[in-house]
Amino acid sequence: MTYDVDLFVIGGGSGGVRAARTSAETGARVALAEESRMGGTCVIRGCVPKKLMVFASEFRELSGLARDYGWSADAGDFDWSAFRTRLHSELDRLEGIYRGLLERSGVTMHDARARVTGPNEVTLDTGEVITAGHILVATGGHPVRPDMPNAALGMVSDDIFNLDTLPESILIVGGGYIACEFACILNGLGVKVTQFYRGAQILRGFDEEARGLIAEMMREQGIDLHVGTNIVDMWPADADGGTTAMGAPAAKRSADIATEPGPVVVKATNGTEQRFDRLFFATGRAPNSRNLGLEDLGVEINRRGAIEVDAFSKTAVPSIYAIGDVTDRIQLTPVAIREGVAFTETVFKDNPTAVDHENVPSAVFTQPELGTVGLSEEAAREQEEIEVYCTSFRPMRTAFVGNPHRVLFKLIVSKATRKVLGCHIVADAAGELIQMVGIAVKAGLTKEDFDRTVAVHPTMSEELVTMREPVRTA
Ligand code: NDP
């Protein structure tokens, strides 16, 4: 049977675009549908605008440092509206680049929502029906609010880039990547930030020492971080700064149903009741797997909403594949891109390629940053006997002016093989550093390989090759 196209990709984010382009370059006839803007979460409402906001937020502290070094510097006030205009024109430019790349690769673009209406058939919301040899679902994910009354009062990460004005105060709920990154960004931009995390320590899953230092540094910068704390109830605050229902019974408060984000009064598990100009839920993301027609065809979707795939990203229906956040393997852009390339190798190059999800380096863009690759001390201990090499100190640049900032460099080493199983860095530019260390860890280098490397002096990261004695074994 001949199909209209060889491949139909649903979703124009990092994974979908890369898979479409690499497949088209093999000579395959490829079409792609995107219901929103080309570029997806990473480019339009995630990594890229977030990183530009990180850059913007660093100048206040830098200007303080410059003053301490003898400059007559003052960052002054931050002009959100000027920044936002520039940010959005940059996002327009990047979306244009993505469209250009697809066009030059010969991919047919549809600005429409697609539903899978057969193992080899897609129907667009324009009514157009397109048949395809293979269908690739790369629809990503979306931020979720907790399921509680008045949750609509809170923004999610998609909203933050479109604010008309920066709030004076904000409550951020969550302790993951997004919560911690935006707590630091908004604090840097001059917003008074309070953060609630329901667990004992933020950044669950990361190395414990590293998360402890990040929490300490965030507090030191002025973020009012409360762990073991969550929202019990919330209701809209009056525009005049008062509250609509202070003193009213809790049931009445929750009954004031809000439909959009706005000033809010929050009652917390720690007994406090406080007003915030804005509430921001950074409480996780869920896969965009629903209403695509997949379940009807026998594609398996798990309890978390993730599409179940094998190592080659194939679903239970042989002509349908899925990659990226919708499969909830590792929610990172470079992983989705790898999965897209592996899909093309498998399906269009006769070279079955499973994506390697081991030792993926990543960074949390807090201030300071957290860079991590491999196992945390806690996870490594469960696996085998280890040595821990760790140092934490005040780096030269800020110690010079009496700043209490500390950095952390930590290596987890296998006692049996001497391989470095994990590396955790808390420092400015840890994201840049961990990319380099990631090569060594991925290559399976040993502690002795690290030690044979001559230090670059004076740097912070020279500690990675000069730590002689383990701080502990376990
Ligand atoms: P995460 O899953 O990392 O964090 C969600 C946080 O919200 C957790 O602290 C979780 O607590 C908490 N939470 C969940 N539900 C509730 C609730 N009902 N009430 C209170 N707290 C709740 O999600 P993010 O949204 O931060 O990020 C999603 C993914 O996006 C990340 O996992 C990451 O893969 C990716 N990402 C990567 C970035 C990077 O590479 N720099 C940047 C941003 C995102 P608990 O720990 O107790 O479950």
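Some observations on this one:
- Were the residues from Ala73 through Cys47 laid out at 0.36 nm apart, the gain over their Cα-Cα distance would be 6.4 nm.
- Tensor-based shape of segment 265-309 (alpha-carbon gyration tensor, a/c under 1.5 rounded, otherwise prolate or oblate): prolate
- Segments 172-181, 102-111 sorted - mean Cβ within 10 Å per residue, highest first: 172-181, 102-111
- Accessible area per residue (1.4 Å probe, heavy atoms of protein chains only) ranks Arg452, Arg99, Arg381 as Arg452, Arg381, Arg99, with the largest value leading.
- Only protein atoms count toward the accessible area here, which uses a 1.4 Å probe; on the chain, the carbon and sulfur part of that area reaches 51 percent.
- Neighbour net charge for Val426 - beta-carbon separation under 13 angstrom, K R +1, D E -1: -4
- Cross-link pairs exceeding 20 Å in C-alpha to C-alpha distance, out of Lys314/Lys442; Lys415/Lys447; Lys50/Lys267; Lys410/Lys447; Lys50/Lys192, comprise Lys314/Lys442; Lys50/Lys267.
- Summing charges over all other residues whose Cβ lies under 15 Å from the Cβ of Ala73, with Lys and Arg as +1 and Asp and Glu as -1, gives -3.
- About the centre of its Cα atoms, the chain shows a dipole size close to 420 debye [charges on the beta carbon of Lys, Arg (+1) and Asp, Glu (-1) only; nearest 20 debye].
- The modelled label-to-label distance between Phe59 and Thr272, using points 7 Å beyond Cα along the C-beta direction, is 3.0 nm.
- Across segment 118-243, Cα-Cα pairs more than 20 Å apart make up 57 percent of the total.
- Restricted to Cα atoms, segment 70-153 shows a radius of gyration and a Dmax of 21.4, 68 angstrom.
- Rg/Rh, computed from the Cα trace of the chain with Rh as the Kirkwood radius, has the value 0.99.
- Summing charges over neighbours of Ser319, with a neighbour being any other residue whose Cβ is under 13 Å away from its Cβ, gives -1 when K and R count +1 and D and E count -1.
- All-pairs alpha carbon distance profile, segment 278-409, 5 Å steps from 0, percent: 2, 8, 13, 14, 14, 13, 11, 10, 6, 4, 3, 1, 0
- Segment 422-439 and segment 286-343: distance between their alpha carbon centers, rounded to Å: 29
- Å² of accessible area per residue within segment 338-379, as computed with a 1.4 Å probe and no ligands counted: 40
- Candidate aspartates and glutamates for bridging to Lys51, where Cα separation is under 15 Å - those fewer than 8 sequence places away on the same chain excluded: Glu90, Asp158, Glu181, Glu369, Asp428, Glu432
- Percentage, to the nearest whole number, of Cα pairs in segment 317-474 over 24 Å apart: 43
- Full-stretch length increase - Arg397, Gln201 - with 0.36 nm per residue and alpha-carbon distance subtracted: 67.7 nm
The values are calculated or read from the model by the stated rules, or taken from the named source; none is laboratory data. Everything numeric here is computed off the predicted structure, so don't read it as measured data. Glycine gets a Cβ as well: all are built from the backbone with ideal geometry, and neighbour counts include every protein chain shown. The accessibility values were calculated without ligands, DNA or RNA, using every heavy atom of the protein model including side chains. Shrake-Rupley method; radii C 1.70, N 1.55, O 1.52, S 1.80 Å.
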